[in-house]
4 protein chains.
Amino acid sequence: MESNDTVITDEPTRGRPRDPSRDEAIIDAAIDVLVRDGYDRLSMEGVATAAGVGKATVYRRWSSKAELVIDAMATLKPAIDSIDTGSLEGDIELVVAASCSPHSQRLFQVMVSICSALPREPELLAAFKTRFTEPRIARMTDILERARGRGELGPDIDVAMAASLVPSLMLQRALMTGQPAGRGYAEQIVGSVLLPVLGRPPRPISTKDAETPHD
Amino acid sequence: MESNDTVITDEPTRGRPRDPSRDEAIIDAAIDVLVRDGYDRLSMEGVATAAGVGKATVYRRWSSKAELVIDAMATLKPAIDSIDTGSLEGDIELVVAASCSPHSQRLFQVMVSICSALPREPELLAAFKTRFTEPRIARMTDILERARGRGELGPDIDVAMAASLVPSLMLQRALMTGQPAGRGYAEQIVGSVLLPVLGRPPRPISTKDAETPHD
Amino acid sequence: MESNDTVITDEPTRGRPRDPSRDEAIIDAAIDVLVRDGYDRLSMEGVATAAGVGKATVYRRWSSKAELVIDAMATLKPAIDSIDTGSLEGDIELVVAASCSPHSQRLFQVMVSICSALPREPELLAAFKTRFTEPRIARMTDILERARGRGELGPDIDVAMAASLVPSLMLQRALMTGQPAGRGYAEQIVGSVLLPVLGRPPRPISTKDAETPHD
Amino acid sequence: MESNDTVITDEPTRGRPRDPSRDEAIIDAAIDVLVRDGYDRLSMEGVATAAGVGKATVYRRWSSKAELVIDAMATLKPAIDSIDTGSLEGDIELVVAASCSPHSQRLFQVMVSICSALPREPELLAAFKTRFTEPRIARMTDILERARGRGELGPDIDVAMAASLVPSLMLQRALMTGQPAGRGYAEQIVGSVLLPVLGRPPRPISTKDAETPHD
DNA sequence: CCTTAATCGAGACGGTACGTCATGTCTTGGG
DNA sequence: CCCAAGACATGACGTACCGTCTCGATTAAGG
């Protein structure tokens, strides 16, 4: 996905080689500008300025902002690593922790910044799913499938829907409030929604942590 | 919120009065352009052209695109009317029907088009909540509170969270697919998520209607 | 030649009419920039800035710098009006006066600024001849033909060549010195070259006015 | 003026010596680009590309395009060698032949390409006179002075002006037509202008060779 | 009826941001 | 140390819009 992979044709590398530190600076600046201004207001020139780089240096690597943003998304680490504590409750606890980590919060900001361009940019949508949506759901699906294998889940559970609940509601919360959701809200989702969906009794949250979904 | 309310000072209305049909044409065009291009790419000039109207006619009424869009949102009817069939099941059935009506689908498109500008425009966010989010949640909260009054809900149910589930997940679906969600998906949300959250057993859906949340 | 002559199709003049003062400001600025920077270094943006005008205002009228410069040349008055004193000597005296007038000197500066682009721009060359070269030669040819009709010139005189001598040598002088030639040089051309070519004895010039052709 | 003269300090010449063939290639390319694009459009990069040479190789030798062009002009042989046939008529015949030789025609193209930059580049103007203008005039002045010594010229002849006539009018012709003047035009200058200026009767030219000065 | 005044569509205006391109400098690997 | 290739920061260019301003024409209300 990176634009500067020479793949097979290893030409003798003529001329001055590209400075790898520029790639990183541009990608970092692109993320910053994206979060600050949103996808539609992001311009290649703005990214170049924010990166302290000439415009030509940006265009030499990425010929359009869609390609740049897609590559920038690709460099962001997935929010949730593989999880397997041996019990559903333990796994969910780790999911909650991962979903409200600082890195995950930044990912939510990026997602919010991009989302309204998705209907008009199919390639952006595809990358968005590949990089953000699917990894989260895949981890959660793994957890639920293992729990089902251990007999912890009944046969009626809609695993696909359950797996999407936490990221969907967290993103929704970020959209509606302008700020990424915190740990309190993640626990509320788990206690009020995810556990009942999985056939467990709801787990009330302490009053001080209670949050309404859209404030 | 409408800009052309004469407030108190009813001057003798000298000169040619404004043509009310222009207001409607501009608002309609604003919605169309909003859905087609998104909030950030919407321009006053584009709206004027789409409405077949001079730019001055637009600026005479709304001095910025934020004001125009806010007023345009205000003219959209809420998606869900007051509902009270006497039973929780009946009410939820009507909610499902309302949530996937053509009018509601258009509302979701508008919401998607606006959402990424929300972090940068507090007034837009406020109007968004007032016009879109809160009416939906309020209707659902009413339904759930009445059901609780009838003893149909246990005391542990997180009503606020439950009330936000359907609109949140429907909007999420629209974001991720580029198309508004249909009836099949609304029923899946109810069967797989809302009913368990309300303490009822899940209601499996027919295989042909099953949809994964993000495709 | 002006770009904004509506010619035949007199549409009902919809919209705001163009401001004629802008045309003049742009043309004047174009001449200034042309003399200062030369044709190749002249840019539409530079003209717009010098005219205190937006770039769009320039491009709305002239779509390329060749068109702008051609129209700018068209607004410059010819250097020499029609001349007929009744005698060859009297006519030549007036030609000398006209050839070193301030207006004529400015025309020479413009000609110098344009000349090196002529080989690469046929339309510019055509306009150059029409506006600068031919009027000068035509006036001089008229004078010489009338003199011939009065019997003042012998039959061997090459009128076409003689008519081109003064402007050619004046322009050459401007090219070689960076400054338009003055009256002394014009008289030297007449006394040392034109009169002998016309079959008259040379007229020596006072020593103090003598100039070498390329200093 | 050549940049690669080691002057006095003959350092031990460390490292790889410069390749003299590069100097020639660059100079030749500079002349080609100059004639093709004109002085203002000539760029160091364009010259390097045309010469099949790296930009650094050009800048190592000449630090600006003015220096490069001045040196390029210096390598061009003068158009007219020393002439002395013993008679004025014979000398003039050789001058005509030299003035329309292929090499002289190329020189005129170079002169046309440079001329409009002269008002803005004093050093270029100085080199232009030294390399192009003065040699031509000096040869012609020599011829005329010798003729005067032989008693072939009257005392009133303006030698300096007469010496400049042929090159001035030939260059003018090249400017106005885009093509270097040919032999027919050179003979016309001599017959119609130079001979009368020198006190001789005009020499009519055959009708087929007649040319108007600016077509 | 006729004046007055604010409206309307259309488009010109100054300004600005964009992506492209060219310039001169710097930095590779190789000779 | 030279050479060809080309990456680099900078900046100018022509284009495309934006929001404001200005035109002739239209339309109602007040005299």
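The values are calculated or read from the model by the stated rules, or taken from the named source; none is laboratory data. Note that this is a predicted model, so its numbers are computed, not measured. Ideal geometry is used to build each Cβ from the backbone, glycine not excepted, and the neighbour counts take in all protein chains shown.
Miscellaneous remarks
- Residue that is within 24 Å of residue B:191 (Cβ to Cβ), out of contact with any Phe, Trp or Tyr (no Cβ under 9 Å at 6 or more places or on another chain), modelled with pLDDT under 95 and facing another protein chain (nearest Cβ under 10 Å), where the choices are A:203, A:120: A:203
- Residue in segment B:71-89 that is farther than 25 Å from residue A:109 by Cα, touching a residue at least 24 places away in the same chain (Cβ under 8 Å), surrounded by 13 or more Cβ atoms within 10 Å (Cβ to Cβ) and within 16 Å of DNA strand E (Cβ to nearest atom) present: yes
- Unique residue being within 12 Å of residue D:167 (Cβ to Cβ) and either in contact with a Leu (Cβ under 6 Å, 6 or more places away or on another chain) or more than 8 Å from chain C (Cβ to nearest Cβ) (or both) when the list is D:95, D:110: D:95
- Qualifying residue in segment B:125-134 (condition: surrounded by fewer than 22 Cβ atoms within 10 Å (Cβ to Cβ), of a type outside the set (Ser, Thr, Tyr) and within 16 Å of DNA strand E (Cβ to nearest atom)): no
- Yes/no for residue D:180 being under 25 Å from residue C:131 (Cα atoms) and more than 9 Å from chain C (Cβ to nearest Cβ): yes
- Verdict on residue B:192 being free of Cβ contacts under 8 Å to residues at least 24 places away in the same chain and buried (at least 23 other Cβ atoms within 10 Å of the Cβ): yes
- Some residue of segment D:130-144 being more than 23 Å from residue D:188 (Cα to Cα) and within 14 Å of chain C (Cβ to nearest Cβ): yes
- If you go through segment A:25-64 and keep only what is part of a helix (DSSP H, G or I), of a type outside the set (Val, Ile, Thr) and either more than 19 Å from the chain's Cα centre (by Cα) or near DNA strand F (Cβ under 8 Å from one of its atoms) (or both), you end up with A:25, A:44, A:45, A:46, A:48, A:50, A:51, A:55, A:56, A:59, A:60, A:61.
- Against the test of being near DNA strand E (Cβ under 8 Å from one of its atoms), surrounded by 17 or more Cβ atoms within 10 Å (Cβ to Cβ) and at pLDDT 95 or above, the options B:25, B:29 yield a single qualifying residue, B:25.
- Within segment B:38-70, tally of residues that are within 12 Å of DNA strand E (Cβ to nearest atom) and surrounded by 13 or more Cβ atoms within 10 Å (Cβ to Cβ): 17
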